[in-house]
Amino acid sequence: FKMQRASCLVNPRAGYETELNYTPTEAPLNLAVVGAGPAGLACATVAAERGHKVTLFDRSPSIGGQFNLAKQVPGKEEFYETLRYFTHKLASLPTVSLQLATEADASTLAGYDRVVLATGVVPRSLSLLGWDHPKVASYVDVLQRRGAA
């Protein structure tokens with residue numbers, strides 16, 4: 001133990017319950033959130049609960065971002081539950097419009113009061129000797145069942 005505060009990958013309030021309080025807004029905004037991975041999902045749901053109108057964009061046909069890769073790793077099956085939770089949470093929030101399989105560009109985002117970019121990470125590239133060998137595959141290739149022969 002390092003005597004550090006516990007935190008959660010998905011719930012920003014975990015460990016901060018008495019400090020981070022979400023109060024209803026007095027000035028509702030029309031928000032665009034780009035990226036339906038864990039950060040975008042958390043942002044969209046909290047903003048909607050506070051009273052904002054939210055459009056959540058993702059170019060993928062499903063929510064989850066990198067969680068869709070992570071949930072396939074043995075021992076990480078709990079990510080399925082996280083995505084199930086957010087699926088039901090989004091469905092319960094009438095002020096969230098989910099726009100999947102939609103590329104958000106400048107013209108798409110022009111009419112919003114604020115835009116939140118939650119587009120996540122780019123998987124790390126290999127930088128090892130031989131990384132470019134035809135029989136070498138990245139973890140993304142392995143989890144998406146494509147790659148080395």
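The values are calculated or read from the model by the stated rules, or taken from the named source; none is laboratory data. Just so it is clear, the structure is predicted and the values come from calculations on it, not from any experiment. Counting neighbours? That spans all protein chains shown, and the Cβs are built from the backbone with ideal geometry, glycine included. Accessible surface areas use protein heavy atoms only, side chains included; no ligands, DNA or RNA. Shrake-Rupley method; radii C 1.70, N 1.55, O 1.52, S 1.80 Å.
Please report Rg (one decimal) and Dmax (integer) in Å for the Cα set of region 1-62.
Over region 1-62's Cα set, Rg and Dmax evaluate to 14.0, 43 Å.
Restricting to DSSP loop positions (anything but H, G, I, E, B) with no more than 16 other Cβ atoms inside 10 Å of their own Cβ, which chymotrypsin sites (Phe, Trp or Tyr not before Pro) remain in region 13-76?
Y16, Y22
In a GNM of the chain with a 10 Å cut-off on Cα contacts, which of N30, N68, N21 has the highest mean-square fluctuation?
Greatest mean-square fluctuation among the candidates belongs to N21.
Would region 72-149 count as rounded, prolate or oblate if I go by the C-alpha gyration tensor, calling it rounded below 1.5 in a/c and otherwise prolate when a/b exceeds b/c, oblate otherwise? The partial results should precede the final answer.
Numbers: a/c = 3.24, a/b = 1.66, b/c = 1.95.
Oblate is the answer for region 72-149, as a/c is 1.5 or above yet b/c matches or exceeds a/b.
Taking all protein chains as present, what is the carbon and sulfur share of the accessible area of the chain, in % to the nearest whole number, probe 1.4 Å?
Looking at the chain in its full context, I get 57 percent from C and S.
Please compute one quarter of the surface area of the Cα convex hull for region 1-141 and express it in square nanometres.
12.1 nm²
For the chain, set up a GNM with springs between Cα atoms under 10 Å and report which of G64, G75, G37 has the largest fluctuation.
Greatest mean-square fluctuation among the candidates belongs to G75.
Pairing the Cα long axis of helix 38-50 with the longest principal axis of the chain, what angle in degrees results, from 0 to 90 and rounded to the nearest 10?
Rounded to the nearest ten degrees, it is 10.
Kindly work out what percent of the DSSP beta bridges joining two residues of the chain are antiparallel, to the nearest 5.
Values: 0 of 14 bridges.
If we restrict to bridges inside the chain, about 0 percent are antiparallel.
Taking only Cα atoms and a 10 Å spring cutoff, compute GNM fluctuations for the chain and point out the largest among P74, P28, P61.
Highest fluctuation of the listed residues: P74.
Counting each DSSP H run of 4 or more residues in the chain as -39500 (n - 2.57), what helix-only mean residue ellipticity at 222 nm follows after dividing by all residues, to the nearest 500 deg cm²/dmol?
-7000 deg cm²/dmol
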